[in-house]
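Visitor: Once you've had a glance at the structure underneath, I'll fire off some questions.
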Amino acid sequence: MNRWRAILLVVALVLGAVAEGRAQPRWSEDELRAIGAHGPWPPPATVDPSNRVSGVPAAVALGERLFNDARLSGDGTMSCTSCHQAARNWSDGRARARGRAELDRRTPSLWNVGQGHWFGWDGAADSLWAQSMRPILDPREMAGSTRSVAGLLRGDPTLSCLYRRAFGAAPGNDDEALLVDAGKALAAFQETLVSPRTSFDDFRDALVAGDFAAAARYPAAAQRGLKIFVGAGNCNACHFGPRFTNGEFGDVGIPFFVRPGEVDPGRLGGLAKLTASPFNRLGPYNDDRSAAGTLRTRHVQRLHANFGEFRVPGLRQLGSDGPYMHNGQLATLEDVVRHYSEVSPDRLHSDGVPLVRPLGLSADDQADLVAFLRSLAAEPPVRAAPAVECGAG
Ligand code: HEC
Ligand code: HEC
């Protein structure tokens, strides 16, 4: 190729890139490191030492049955699946959950819930098993009772058979201990709800391996959105790691008024409930009373800054259903991104340097960020039938 033709080719390529204007981004060392930290996926399987049946197949099978069993509720009409529906990413598509009454908060998805360390939007539980007992007893949710759950485990042949296999002994006489064990089986089941790999994971693994040809298959819009996510948007300050959450709490300017004159104090209220609960990790039901197993709970402090903070949700498998946020106030992912673009700084009462500020994103940038968020979801595989069967059913 002669020199002039080479120069013309370069000019044409540059003009082409300018005309397209929104090409695939290039990645700096810092960006590559930040993207790598959002994987690998799925994470290595772990067991929860606070739950002696975590990972035990018979407990998973028992938990799955209980999860679908309306007899856990006071009037026999409501099960966990009434609100946490498999076909709706383990949520219900409602802005606020409806039990016997409308609740103040949205039903969170249960994908990857086993990887967390605080549970509920306000972190009122410090274990998955304690969180799983709460809706059974809450009069606004399932309005069940300790006695009837214990009676069910003792009286139903299939449940008591699975219980024996999971816990190594027949259901005993202590009703409260049986309620806790039901929570532990429910937790063992929910730990298996791991969201599928996505196109983002293929991209991330290709970048980490230095395979730029494979990485180029990830849509350019999602790549540009990711660049905002780990860069100017500062989203990964809170939506960090493989699950896209640091598991802690934050305030992103969602109003906390429940109804005129009534507020949802968020994390501040959750801390009060956590420390008062007989089922927290400092109580007798924690199967791991070691220093490490109780560390977080021993060290919680109630600070005024916790008022109006809610748990940072993971961003995998958000779906396109919505609604979003603790009170379901934003209907679509487009609304969420617009919120971060336009959030009022006056509403944020965080101390020190705020992590959230109005980003003032262009319409194109907002569309790219949405494309990236959508790339964190994929069609989940069909769940295999429980491997353990016993008893009459
Ligand atoms: C009436 C609807 C409803 C029912 C029934 C229900 N839940 Fe929930 N669930 C919710 C809502 C709402 C929250 C958020 C609670 C909060 O933040 O205070 C939640 C939170 C959770 C969480 C915490 C998730 C997280 O990310 O921290 C778990 C785990 C959970 N529920 C499991 C269960 C189990 C197990 C059952 C059955 C025993 C159940 N739920 C029944 C509505 C429901
Ligand atoms: C200060 C920490 C923080 C930062 C920074 C942050 N978020 Fe969030 N994010 C949260 C918290 C906390 C919630 C839940 C707030 C609530 O419900 O009141 C949330 C909720 C969301 C949700 C809704 C998820 C759901 O299940 O309802 C999406 C989507 C989201 N954030 C995306 C982003 C994007 C995109 C950015 C960057 C532009 C970002 N976040 C920056 C903490 C943060």
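The values are calculated or read from the model by the stated rules, or taken from the named source; none is laboratory data. Note that this is a predicted model, so its numbers are computed, not measured. Here the Cβ positions follow ideal geometry from the backbone for every residue, glycine too, while neighbour counts run over all protein chains shown. Only protein heavy atoms, including side chains, enter the accessible area calculation; ligands, DNA and RNA are left aside. Shrake-Rupley method; radii C 1.70, N 1.55, O 1.52, S 1.80 Å.
Visitor: Enumerate the whole-percent occupancy of each 20 Å bin, from 0 to the last occupied one, for all C-alpha pair distances of the chain.
Guide: P(r) for the chain, in whole percents per bin: 25, 53, 18, 4, 0.
Visitor: Another question about this same structure. May I ask for the Kirkwood hydrodynamic radius of the stretch 10-159, worked out over all distinct Cα pairs and given in angstroms to one decimal?
Guide: 18.9 Å
Visitor: To the nearest 20 debye, what charge dipole does the stretch 57-190 have about its Cα centre, counting +1 at the Cβ of each Lys and Arg and -1 at the Cβ of each Asp and Glu?
Guide: On the way: 16 positive and 15 negative charges, 63 e Å.
Once rounded to the nearest 20, the dipole reads 300 debye.
Visitor: What helices in the chain pass both tests, a Cα length along the helix axis of 24 Å or more and a mean Kyte hydropathy of -0.5 or higher, using whole DSSP H runs? Show your work: numbers first, answer last.
Guide: Numbers: long enough: 3-20 (26 Å, 1.66).
Helix filter hits for the chain: 3-20.
Visitor: Further question: Of 217, 105, 296, which has the most accessible area and how do the rest follow, probe 1.4 Å? Let's see the in-between values first.
Guide: Numbers: 217 195, 105 55, 296 125 Å².
In descending accessible area the options line up as 217, 296, 105.
Visitor: If you don't mind, another one. Starting from the Cα coordinates of the stretch 36-120, work out the convex hull volume and express it per residue in Å³.
Guide: Numbers: hull volume 12.4 nm³, N = 85.
Per-residue hull volume (Cα only) is 146 Å³.
Visitor: Got a sec? Charge dipole of the chain, +1 on Cβ for Lys and Arg, -1 for Asp and Glu; which of 242, 276, 95 is way out at the positive end?
Guide: 242
Visitor: Could you pull out every residue, at least 5 positions away or on a different chain, whose amide H is within less than 5 Å of the one on residue 309? Hs are placed 1.01 Å off N in the peptide plane, and Pro or chain starts have none.
Guide: Here 267, 268 satisfy the definition.
Visitor: With a ≥ b ≥ c the root eigenvalues of the C-alpha gyration tensor of the stretch 207-346, is it rounded (a/c under 1.5), prolate (a/b larger than b/c) or oblate?
Guide: Numbers: a/c = 2.55, a/b = 1.40, b/c = 1.83.
Note, shape of the stretch 207-346 comes out oblate.
Visitor: With label points built 7 Å along Cα→Cβ from the Cα atoms of residue 33 and residue 140, find their separation and express it in nm.
Guide: Spacing of the two 7 Å Cα→Cβ label points: 4.4 nm.
Visitor: Consider a paramagnetic label point 7 Å from the Cα of residue 147 along Cα→Cβ; state which residues of the stretch 173-190 have an amide N under 12 Å from it.
Guide: Residues passing the 12 Å test: 175.
Visitor: Given contacts defined as C-alpha pairs under 8 Å and at least six residues apart, what's the relative contact order of the stretch 57-190, whole-number percent? Could the numbers behind the result be given before it?
Guide: On the way: 227 pairs, mean separation 43.8, N = 134.
Normalised by residue count, the contact order of the stretch 57-190 is 33 percent.
Visitor: What is the local net charge at residue 214, summed over the other residues whose Cβ is closer than 13 Å to its Cβ (Lys, Arg +1; Asp, Glu -1)? Walk me through the numbers on the way to the answer.
Guide: On the way: positive: 204, 217; negative: 201, 202, 205, 211.
Its environment carries a net charge of -2.
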